[in-house]
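The values are calculated or read from the model by the stated rules, or taken from the named source; none is laboratory data. It should be emphasised that the depicted structure is a prediction, and the values quoted were computed from it without experimental measurement. Glycine also receives a Cβ, built like all others from the backbone with ideal geometry; neighbour counts cover every protein chain displayed. Areas reflect the complete protein model, heavy atoms only, side chains present, ligands, DNA and RNA absent. Shrake-Rupley method; radii C 1.70, N 1.55, O 1.52, S 1.80 Å.
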Amino acid sequence: MNRPDDPTPAPPSEAALRTLPPPRHGDAPGAWPLLGHLPHLAGRPLAFLDSLPGHGDVVRVRMGTRTAHVVTHPALVRRVLTDRRSFDRSGVLYEKVRALLGNGLATCPNAEHRDQRRALQPAFHPSLLPRYTAVMAAETQALTARWRPGAVVDVTEEAFRLTTAVAVRTLFSAGITPHAAEELREALEILLRGVYTRVVAPAVDRVPSPARRRYRRALARWRTGVAAIVAAYRAAGVDHGDALSLLLAVRDEHGRALSDAELGDQVATLVLAGAETTSSVVAWALRLLADHPEAAARLHAELDGVLAGGPVTGADLPRLPYTRDVVREVLRLYPPAWAVTRTAVRETELAGLTLPPGATVICCLYLLHRRPDLFPEPALFDPGRWADAGVPRDAWLPFGLGATKCVGDVFGTAEAGLALAAIASHWRLTPVAPRPPRPVPRIVLSPGPQPMRLAER
Ligand code: HEM
């Protein structure tokens, strides 16, 4: 979505970038025979990741018999994400996700990308933001209405419940009963969780189990549910101004409309890209604020001053700069899309390394955002660092960049900010487990289960 409240900090300072030494390449040490670095990635994935910058700005990591090139230098991340003649969204990971959820904007290869982006971009036009923020505010209200003081909730699950509900209600704004919306949301939750398992361990689908039955039932419910909504939209022939109406109006150069299956794919990948990413920001923010009382106090002071106990709306967001900086800082420390992958489609050179066609490149936004030469005291959660905004261009890229830059960046930022403001203005959350969370690097860098006790403020 482009830009009523651009989430990219300004003004960018180029000084830090200019003084970076030229990128170096190296190899991660400690590879096992045959398995390579997989045992490190399985055992202590973040400790392993954190060790990589010591070996260069492009580090070769062996995943079994395959080699991945982990990139952490801002200039190289820019190169990989913008040089679309050398790098594409192909390779094993994308093939698997496409096989499971279909070929939508977030998963399609370069050759199809321009048409798909053109078709979907209008759904993220700034003029639609107020409509979306109204849904976000209402859904956050509905979520917290179920909370009781003294109860324990898993904020990771709660945030996911919120973002899947927002996704369903903003994609299909019309003709869907609350019951049908909840059924679809539930199916979606099972699907999104199941996709990851099936990408990393495809064998789970070959063995009968209750989880497999649940996944298949959810897939069937999702497909019939979406097909019924599509049929109702087609029959009504009305433009509801939402993503589904736009997709129904799309025609290719031969005048052909999308089939029901193609529509289902677009919708599923849109939600795949938007739901868990945003919910992870909300969950991390709630946990980090509980662990940093000074930041929580500043946030509470801002919310109390601006909202004066009233409900938050989209129109309040520009008046909540500290809330925005909390979201920025969470996106820096725990970027949900922590590893954006590409495959080299021709021989190309990167920091002195020759990559053959087929080479896997991982732009590790998590490590980019923790470079001490770009962010002083990078491991520190300090939303105040954004107040003077002296951050170099390309140092903070939670939404990627170039032609495939997140189409939902403003949507996701608004959703996280609204949820955080609505929750923090009325509730104080205390972690049940005092131990800091261990990030779980799956497709999204999630905090894992976060049980927290609720108290009214
Ligand atoms: C805070 C939340 C979010 C984060 C951190 C995030 C991050 C990203 C990143 C890094 C990319 C680039 C991927 C690449 O270049 O391969 C991306 C693409 C995308 N995102 Fe997001 N995203 C977020 C929220 C959303 C939301 C809410 C939606 C939809 C409602 C969404 C839809 C998409 C789509 C469709 C793409 C593919 C764009 C394209 O290829 O043209 N994202 N996102």
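Annotations
- Taking Lys and Arg as +1 and Asp and Glu as -1, the other residues whose beta-carbon sits under 14 Å from that of Thr430 total +2.
- For Gly36, the residues 5 or more places off, or on other chains, whose built amide H falls under 5 Å of its own are Gly64.
- Helical segments meeting 30 Å axial Cα length and Kyte-Doolittle 1.6 threshold in the chain (DSSP H): none
- Between the range 90-120 and the range 245-260, the Cα center-to-center distance that results, in Å: 17
- Cα centroid separation, the range 344-392 to the range 286-320 (Å): 30
- Taking the accessible area of the range 229-303, probe 1.4 Å, and keeping the other protein chains in place, the carbon and sulfur fraction comes to 58%.
- The three principal axes of the C-alpha atoms in the range 170-318 carry coordinate ranges of 55, 44, 33 Å, sorted with the longest axis first.
- The range 407-435 residues near the modelled Arg457 label - backbone nitrogen below 12 Å, point 7 Å along Cα→Cβ: 420-429
- Between Ala203 and Thr313, the contour length at 0.36 nm per residue exceeds the alpha carbon distance by 35.0 nm.
- Sites matching GluC sites (Glu not before Pro) across the range 193-292 that sit in DSSP coil, with at most 12 neighbouring C-beta atoms within 10 Å: Glu253
- With every protein chain in place and a 1.4 angstrom probe, the accessible-area ranking of Ser279, Ser127, Ser259, largest first, reads Ser127, Ser259, Ser279.
- Label-point separation in nm, Ala433 to Trp32, each point 7 Å along Cα→Cβ: 2.4
- Residue ranges 342-354, 38-50 sort as 342-354, 38-50 when ordered by packing (mean number of other C-beta atoms within 10 Å per residue, highest first).
- Stokes-Einstein D for the chain, Kirkwood Rh over Cα pairs, 4 °C, 1.567 mPa s (µm²/s): 56
- Computed from the C-beta positions of Leu46 and Ala235 and an R0 of 51 Å, the FRET efficiency is 0.50 to the nearest 0.05.
- Value of relative contact order over the range 165-255, rounded to a whole percent, pairs C-alpha under 8 Å and six or more apart: 38
- Rounded, prolate or oblate (a/c below 1.5 giving rounded, otherwise prolate when a/b exceeds b/c) for the range 242-366 by Cα gyration tensor: oblate
- Relative contact order of the range 398-457: 31 percent, from C-alpha pairs under 8 Å at least 6 residues apart in sequence.
- Size check on the range 381-457: the Cα extents along the three principal axes, sorted descending, read 43, 29, 23 Å.
- Taking only the alpha carbons of the range 134-204, we obtain Rg and Dmax values of 14.2, 43 Å in that order.
- Computed over the alpha-carbon pairs of the range 22-168, the distance histogram in 10 Å steps reads 9, 21, 26, 27, 15, 2 percent, short to long.
- Take every pair of alpha-carbon atoms less than 8 Å apart whose residues are at least six positions apart; their mean separation over the length of the chain yields a relative contact order of 27 percent.
- Spin-label zone in the range 94-113 - amide nitrogen under 12 Å from a point set 7 Å from the Cα of Met63 along the C-beta vector: 94-97
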